[in-house]
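Peer 1: Following this message is one structure expressed as structure tokens.
Every number here is computed from the coordinates shown, using simple stated rules; none is lab data. Since this is a predicted model, take the numbers as computed values, not measurements. Every residue, glycine among them, receives a Cβ derived from its backbone with ideal geometry; neighbour counts consider all protein chains shown.
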Amino acid sequence: MIHQLDRETRAKIAAGEVVTRPASVVVELVENALDAGAETVEIDVGGDGTERIRVVDDGHGMSESDAELAVGRHTTSKLSDAADLETVETLGFRGEALPSIAAVARLELTTNTGTPRGTRVVVEDGEPTVSPAGRARGTTVEVTDLFADRPARKKALASAKTEFARLSGVVTRYALTRPDVRFVLRHDGHETLTTPGTDRFSDAMLAVYGRDAASHASTFDASQQVTAAGETVTVGIDGLLCYPDVTRARRDHVHVSVNGRAVADARVKRAVADGYGTLLPDGREPLGVVRVSLPPAWVDHNVHPAKENVEFRDTDAVATAVEASVRDALSTADLRRSGELSMDLDTSLHPVEASSVFDDVRVIGRFRRLYLLCEAGDELLVVDQHAAHERVNYERLQAATKSAGIDSVPIDPPASVSLTSTDAALLEANRGVVENLGFRIDEFGGDTYRVEAVPAPLGRPFAPDALADVVADVAAGDTTDPRDEVLKELACHPSIKAGDDLSDEDATRLVERLGSCETPYTCPHGRPTILAIDESTFVRGFGRRSGRQE
């Protein structure tokens, strides 16, 4: 039998949609604090968060009447009617979040707008009690006994460590995307995170990830024009990007916000990673902060109960704008890897400005027929000759395939190459791409192909069986552009290998060509091409007073 639910049951269901775990509470309370103009937000957590969550802010606070209304259902200062949902620029609806939390916990709110007397509202068992209270300007919300009368919900939570980790992740996202706000997170009385609130991305990154990440990163600020349904708007994209020598195994460390709301939107994160392109080592993900700003009518925050994802008017257009902005920002950064010498483990080998790298480079030696040793001003550059040649080949192949394709040479007699059924299907789907790169192939029967011509990039012919490697890379790659995987493979096969003995002339030419590359500091697969060692490192290592002869 179908019947209408009573008000109390409806309230509990609605609360369940918003408050699913302790981290959900923190999301709502932190967003309320930010909407109130807080410059400092302090979060104290007891246990897994069900015991106690206390959020203190120094925002503009609420009057007594507003505080009493705020804990009631369907009240807000941010909307007047449904049309406002399309233009609202705030993060949350304080009047909607607080009663949802109070429905599943004990809630105590203390607030003041800066007057001599503040207000305390306690909601317990659904009943609010209002009384005067002493407090400076701002708001404190304390939530205790979360899910105390909902044992099934509490039992469904993960371990205390996991729940706090999720909660900490929420605070971290906001601390990084809002560097202008000072955040403090305490767990069981111990301070676990503090950011300075200086409005500098690098300071927030330093507080969260430490010196290594913060010192290997660059800020950027860009704008892109995006068009959808005949309307063109400007999308603002800014943040901080760590260099490819600072990576993580998962994409969880790409921190994104959209119109001020920190989200875990997979599509935007993927666009950030795509912007790194071949700079990332295989199997690694970037670390960075990216903020996206666009007109409120272009984004819907109400598509996910936990507000982790958003819906754009044109998702592909926004993602393309993010990818382009990240790629452009990285193209102007000095991305050379730095390392440490065993003689001075505490001394980092800091990179120098890109403008000086290849101005006056002289090859002075080799090591193990793999590394070129180069003198460049006060630096010793160590160049991986195979990785460097891969980069040169890759960019020349990119340039060549934009126009007439790649020169190929005939194979006489033609060679037979067998592919798996999956690879054969992929080859047929991408035959035009493969042939544009210099292969000439013909079906021989089943999954066997006759290779009649092969690419000869830079005058070095490919081996016919490289066709299988190219197609395998396309099958294994997660890129949306299989042509790029082919280019990587083509660049690798004819490149100088470890052990190839280069003449002085060839070594010099390789370094010069690397210097002319658009992205000279990594090979197409993301490995470094150059290590830079400053003269001061040797001075310190040998205990000299200067680098001069003494």
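Peer 1: All other residues with a Cβ under 10 Å from the Cβ of residue 411 taken together, and with Lys, Arg as +1 and Asp, Glu as -1, what is their net charge? Display every interim value, and only then the final one.
Peer 2: Values: positive: 440, 450; negative: 412, 452.
Surrounding charge for residue 411 is 0.
Peer 1: What are the residues whose amide H is under 5 Å from the amide H of residue 440, where those residues sit 5 or more places off or on another chain and H is modelled from the backbone?
Peer 2: 452, 453, 454
Peer 1: If you don't mind, another one. State the Cα centre-to-centre distance between the stretch 229-303 and the stretch 129-198 in whole Å.
Peer 2: 25
Peer 1: On to the next question. Work out from phi, with θ = phi - 60° and the Karplus expression 6.51 cos²θ - 1.76 cosθ + 1.60, the ³J(HN,Hα) of each residue of the stretch 165-177, listed in order in whole Hz, and give x for Gly and Pro.
Peer 2: Listing the rounded values in order: 4, 5, 5, 5, x, 4, 5, 4, 4, 6, 4, 7, 7 Hz.
Peer 1: Just to verify a number: FRET efficiency for residue 539 and residue 463, C-beta to C-beta distance, R0 = 45 Å, to 0.05? Don't skip to the end; give the middle numbers.
Peer 2: Values: r = 48 Å, r/R0 = 1.06.
Once the sixth-power term is evaluated, E becomes 0.40.
Peer 1: Once phi is turned into θ = phi - 60°, what whole-Hz ³J(HN,Hα) does the Karplus curve with 6.51, -1.76 and 1.60 give for every residue of the stretch 100-108, x standing for Gly and Pro?
Peer 2: Each residue's phi maps through the Karplus curve to give 5, 5, 5, 6, 10, 6, 8, 10, 10 Hz.
Peer 1: Between residue 187 and residues 5 or more places away or on another chain, which pairs have amide H atoms under 5 Å apart, with H built 1.01 Å from N, and which residues are they?
Peer 2: Amide H neighbours of residue 187: 45, 192.
Peer 1: Taking 0.36 nm per intervening residue step and subtracting the Cα-Cα distance, what contour gain separates residue 131 from residue 153 on full extension? Numbers along the way, then the final one.
Peer 2: Working: separation 22, 0.36 × 22 = 7.92 nm, distance 3.17 nm.
Additional length available on full extension: 4.8 nm.
Peer 1: Another one. How large is ³J(HN,Hα), in whole Hz, for each residue of the stretch 240-256 in order, when computed from phi with the Karplus curve 6.51 cos²θ - 1.76 cosθ + 1.60 and θ = phi - 60°, using x for Gly and Pro?
Peer 2: Along the stretch 240-256, the couplings run 9, 10, 6, 5, x, 7, 10, 10, 9, 6, 10, 7, 4, 9, 8, 9, 10 Hz.
Peer 1: Could you put 237, 533, 53 in order, starting from the residue whose Cβ has the fewest other Cβ atoms within 10 Å? Present the calculation step by step, with values, prior to reporting the outcome.
Peer 2: Details: 237 27, 533 20, 53 24.
The order, fewest Cβ neighbours first, is 533, 53, 237.
Peer 1: Search the structure for amide H atoms under 5 Å from the amide H of residue 200, placed 1.01 Å from N in the peptide plane, and list their residues when 5 or more places away or on another chain.
Peer 2: Correct list: empty.
Peer 1: On to the next question. Going by how many other Cβ atoms sit within 10 Å of their own, how do 542, 164 line up, fewest first?
Peer 2: Working: 542 10, 164 22.
Lowest count first: 542, 164.
Peer 1: Also: Quick check on the exposure proxy: order 389, 216 from fewest to most C-beta atoms within 10 angstrom.
Peer 2: Numbers: 389 26, 216 23.
By the 10 Å Cβ count, ascending: 216, 389.
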